[in-house]
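Peer 1: Quick one: the structure is below, and I'll ask about it shortly.
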Amino acid sequence: MKRLNALNLTIAGVTAAALIAFAPIPGAGQEQKGKGKGKGGPPGAEQYGPYYAAPAKPGEPVGRTPDGQPDMQGFWTPRFNQAIFEVQDHPTAQPGIGPGKGAIVDPADGRIPYKPEAAAKAKELLTKQIYLEPEAHCYVSGVPHAAYQQFGYQIVQPAGYVLFLTEYAHTYRAVPTDGRPHISPNIHLFRGDSVGKWDGGTLVIDTTNQNGKTWFDMAGNFTTQAIHVVERITPVDTNNINYEAVVDDSTIYTQPWKIAGQLGRHPDQNMELMEFACVEGNQDLVHYTEGVGGKAKEKGPLRQ
Amino acid sequence: MRNHAAVILSLVAVVPLAAQSYRAPRTPDGQPDLQGIWQAMNTAAVNLEDHIAVLDMPAGRSVIVDPPDGKIPYTPAAAKQQKENFKNRAKADPLNICYIPGVPRVMYLPFPIQIVQTPKFVLMASEFAHTLRRVFMDGTKHPDVALFWIGDSRGHWEGETLVVDTANNLPDTWLDRSGNFHSDALHIVEHITRTDPDILTYEATLDDPQVFTRPWTIRMLLYRHREPNATLLEYECNAYLEDSEKERK
């Protein structure tokens, strides 16, 4: 029988549950420290705690799919420093979020160029992130968060599409590459509307129509419906993909900003992604108080 | 469960398949090409059996082609359970709390399904709660451990027809809105054939000796979305459920 292994953790569907809210938070669990060490990840990989990042190692030249696209198919794990906790550099520990590096390469200070009101809002959200963090509610991640999604993803390239199949919450992201226009601006989606095209060896994905309910991370870095993201995804060889995304939203930022990271091919290409039954096993709402949409009484143990 | 495989096979042999004169185009690796966005146009999601309308549930005819009476061959105890389920459906239907629909229900929900084929697997992506089915086509067997909301699907081609064997089903999913149900002994064999450029003939035989007295078969058509730039949007059920709970407060 073929091995059934998840990208990083063996997560049996129904018990996946509370991992989402609690596992990714350094310091939240007693056993977090040093858990990821010695797994061969890049510098800083220990900050991922239970997450796996495939080691960077050179591969073969990039092949082509039957319809001529550069072939990125397979299982990939993201290397974006500690962006999954906070997308901008965060040298100071915050409640539930340890210090670490983000993935912002422009501006050079590694920080999101918020307008003052937006910075205040993000700061406020950070204080409530344990309750409000969208993935703790099993929400689908937006773009570009989907690119550095916890647990990694599989890329599939049937003719006319590039699909990203994430293990987290068994979500998928289908990017048509047939030249179609965006859907109507009247429609807003968690995942937005993505259209892609190949620019030489680079897949350029333009994403609009996001619903402003997703965050970049766990740290309150929020989005609005005005967000416009252009991703440039360049396979370097069969083991490595360079990723960058320019994020623009003139309603909350003073200038567009850019993140960059790499995807590493998972060494086991015969794996099968496990079912990640997020909603079905989620215990978070039991712990949240009623005031923030949960089911616990206001005097529960996690009351803020 | 496995003892019933032979029964299912012989049963499928006597059920006439839809006309096979159409030959589907092929994928680059030679599979019949089922790719596209498809959707059922019937009331199977409401009730697989013949049913009159009730509030929010339109009337419809049975999609059960075997047994010929169009009824699910429940054991007496299971028939009683189904009636209870129907009565309690507003609370008890797992879809009301946004759980993964399971097989075969995901195939005939009123939400589109995008089929994608690779040499190793056939992907069926539903718009409902971004439910994904991966049908592994590499000759591998069901795992010995673990049950899944969406089951474990392994498939192969028989001529023009994709044959999918699904086991490892959690017992918690329903077959429709009316409380038709199964146990963890459920074993499903689907036959999916592109019988026209824009039609998939979908057939599923369900066996579950804990709940049914014999295997039974549903059949329906799935229609291709032909509108230009057809695309799946999203139905993030759990997010809307939270919103509606907040609104009620």
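Peer 1: How long are the semi-axes of the equivalent ellipsoid of region A:163-219, defined as square roots of 5 times the Cα gyration tensor eigenvalues? Whole Å, largest first.
Peer 2: Values for region A:163-219, descending: 21, 16, 11 Å.
Peer 1: Label-point separation (nm) for A:Asp106 and A:Ala260, each offset 7 Å from Cα along Cα-to-Cβ?
Peer 2: Going from the A:Asp106 label point to the A:Ala260 one covers 0.9 nm.
Peer 1: Near B:Val164, within a Cβ-to-Cβ distance under 12 Å, what is the net charge of the other residues, with Lys and Arg +1 and Asp and Glu -1?
Peer 2: -2
Peer 1: Let me ask something else. Using unit Cβ charges (K, R positive; D, E negative) and no other charged atoms, how large, in debye to the nearest 20, is the dipole of chain B about its Cα centre?
Peer 2: 260 debye
Peer 1: Same structure, new question: For region A:126-190, just say rounded, prolate or oblate: build the C-alpha gyration tensor, square-root its eigenvalues into a ≥ b ≥ c, call rounded for a/c under 1.5, and beyond that prolate if a/b exceeds b/c, oblate if not.
Peer 2: Details: a/c = 3.18, a/b = 1.52, b/c = 2.09.
Oblate is the answer for region A:126-190, as a/c is 1.5 or above yet b/c matches or exceeds a/b.
Peer 1: Rounded if a/c is under 1.5, else prolate if a/b beats b/c, else oblate: with a ≥ b ≥ c from the C-alpha gyration tensor eigenvalues square-rooted, which is region B:18-120?
Peer 2: Judged from the Cα gyration tensor, region B:18-120 comes out prolate (a/c at least 1.5, a/b above b/c).
Peer 1: How far is it, in nm, from the label point at B:Lys71 to the one at B:Ser244 when both lie 7 Å from their Cα along the line to the Cβ?
Peer 2: Once both label points are built, they end up 3.2 nm from each other.
Peer 1: Same structure again: A:Asp71's amide H: which non-local residues (gap 5+, or another chain) put their own amide H closer than 5 Å, with H modeled 1.01 Å from N in plane and none for Pro or chain starts?
Peer 2: Under 5 Å from the amide H of A:Asp71: A:Gly63, A:Arg64, A:Thr65.
Peer 1: Taking R0 as 41 Å, what FRET efficiency do you get between A:Arg64 and B:Ala92 from their Cβ-Cβ distance, rounded to the nearest 0.05?
Peer 2: The formula returns an efficiency of 0.20 here.
Peer 1: Please arrange B:Phe181, A:Phe276 by counting, for each residue, the other beta carbons lying within 10 Å of its beta carbon, fewest first.
Peer 2: The fewest-first ordering by Cβ neighbours comes to B:Phe181, A:Phe276.
Peer 1: Sticking with this structure for a sec: How much length would be gained if the chain were fully extended between B:Asp172 and B:Tyr22, taking 0.36 nm per residue of separation minus their Cα-Cα distance, in nm to one decimal?
Peer 2: 50.2 nm
Peer 1: Holding the Cα-Cα limit at 29 Å, pick out from B:Lys71/B:Lys120; A:Lys101/A:Lys213; B:Lys91/B:Lys120 the pairs that are longer than that.
Peer 2: Those over the limit are B:Lys71/B:Lys120; B:Lys91/B:Lys120.
Peer 1: For a quick check: sort A:Tyr52, A:Tyr148 by the number of other beta carbons within 10 angstrom, fewest at the front. Numbers along the way, then the final one.
Peer 2: Values: A:Tyr52 21, A:Tyr148 25.
Ascending number of Cβ neighbours within 10 Å: A:Tyr52, A:Tyr148.
Peer 1: Which of the three applies to region B:122-198, rounded, prolate or oblate, going by the alpha-carbon gyration tensor with a ≥ b ≥ c and a/c under 1.5 meaning rounded?
Peer 2: Numbers: a/c = 1.75, a/b = 1.27, b/c = 1.38.
It comes out oblate by the Cα gyration axes.
Peer 1: For the modelled label position 7 Å from the Cα of A:Lys115 along Cα-to-Cβ, which residues of region A:232-250 have backbone nitrogen atoms closer than 20 Å?
Peer 2: The answer is A:247-250.
Peer 1: Hey, rough spin-label estimate for A:Asp178 and B:Ala53, points 7 angstrom out along Cα→Cβ, what's it come to in nanometres?
Peer 2: 3.5 nm
Peer 1: Something else now. Within straight cross-link reach of B:Lys249, meaning Cα distance under 18 Å, which aspartates and glutamates are found once same-chain residues fewer than 8 apart are removed?
Peer 2: A:Glu290, A:Glu298
Peer 1: May I pose another question? What is the Cα convex hull volume of chain B when expressed per residue in Å³?
Peer 2: Here the figure is 140 Å³ per residue.
Any read-out appearing in this document is the output of simple, stated calculations on the displayed coordinates, not a laboratory observation. Every value quoted in this text rests on a predicted model; they were computed, and no experiment measured them. Glycine also receives a Cβ, built like all others from the backbone with ideal geometry; neighbour counts cover every protein chain displayed.
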